[in-house]
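The structure appears below as structure tokens.
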Amino acid sequence: GVRPNALYWHFPNKQSMLAALAENILATIPGPAPDIDWATDVHRLATDMRAALLAVPDSAEVVSSAWASGLAERGMETTIVDVAVAGGLPPQVAAGLATAICQLTIGLTIEEQTRTQMERLGVTGPSGRLFTDEFEAALEVILDGARFRATSADT
């Protein structure tokens with residue numbers, strides 16, 4: 001019974017409303033877990049981010065747009081940086097790690113959500129891709145690089 005324009009009483013425009021939605025979606029991700037090592041925690045954060053995005057249709061595209069517009073906080077990137085720095089990574093390396101992980105997570109999830117929708121609409125048949133396996137493999141490559149950078153920073 002709510003008219004669509006009633007939402008604009010709370011938001012100045014559609015982009016602000018979508019940014020709030022993006023922040024709500026990402027707010028479901030639990031914060032850092034101080035009782036595990038940084039790489040395990042970053043892996044968990046990335047996996048939880050992917051799960052939160054997959055739980056809401058088209059959410060990866062919404063988050064990407066909200067981040068690109070600057071209307072939504074990039075709290076997940078900040079959290080990953082904080083965890084990695086606390087684990088001993090130099091700040092610049094931690095920032096690169098956060099960017100790589102967030103872009104992998106958002107980008108691959110956009111592709112997966114788009115593909116799912118196309119298959120549901122009958123635009124295309126099943127791709128046979130194993131998006132979870134692709135995500136895990138790419139995430140491990142990124143984390144291996146960060147672990148290497150962490151050990152080279154110590155020497």
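Output the 0 to 90 degree angle, nearest 10, between the alpha-carbon long axis of helix 14-26 and the longest principal axis computed from the alpha carbons of the chain. Computed tilt is about 50 degrees.
So what is the 222 nm mean residue ellipticity for the chain from helices alone, if each DSSP H run of at least 4 adds -39500 (n - 2.57) and you divide by all residues, rounding to the nearest 500 deg cm²/dmol? Don't jump to the answer; show the numbers that get you there.
Values: 6 runs with 108 residues, N = 155.
Result for the chain, helices only: -23500 deg cm²/dmol.
Taking a ≥ b ≥ c as the square roots of the Cα gyration tensor eigenvalues, with a/c under 1.5 meaning rounded and otherwise prolate when a/b beats b/c, else oblate, which class fits the chain? If you can, show how the numbers build up before the last one.
Working: a/c = 2.62, a/b = 1.44, b/c = 1.82.
It comes out oblate by the Cα gyration axes.
Using only side-chain charges placed at the Cβ, +1 for Lys and Arg and -1 for Asp and Glu, the dipole size of the chain relative to its Cα centre rounds to 560 debye. Of the residues Ala20, Ala39, Val141, the one whose Cα sits farthest toward the positive end of the charge dipole of the chain, with +1 on the Cβ of Lys and Arg and -1 on the Cβ of Asp and Glu, is Ala20.
Give, in nm to one decimal, the length gained when the segment between Gln117 and Ala137 is fully stretched (0.36 nm per residue of separation minus the Cα-Cα distance).
Fully extending the segment from Gln117 to Ala137 adds 4.8 nm.
Between Asp35 and Thr47, the modelled labels are 1.6 nm apart [label points 7 Å from Cα along Cα→Cβ]. Measuring spread by the Cα atoms of region 55-125 yields a radius of gyration and Dmax of 15.1, 49 Å. With contacts taken as Cα pairs under 8 Å at a separation of at least 6 residues, the chain carries a relative contact order of 25 percent.
A short reminder: the numbers here are calculations on the coordinates, not readings from a lab. Here the structure is a predicted model, which is why all the values come from computation and not from measurement. Cβ atoms come from the backbone with ideal geometry, glycine included; neighbour counts cover every protein chain shown.
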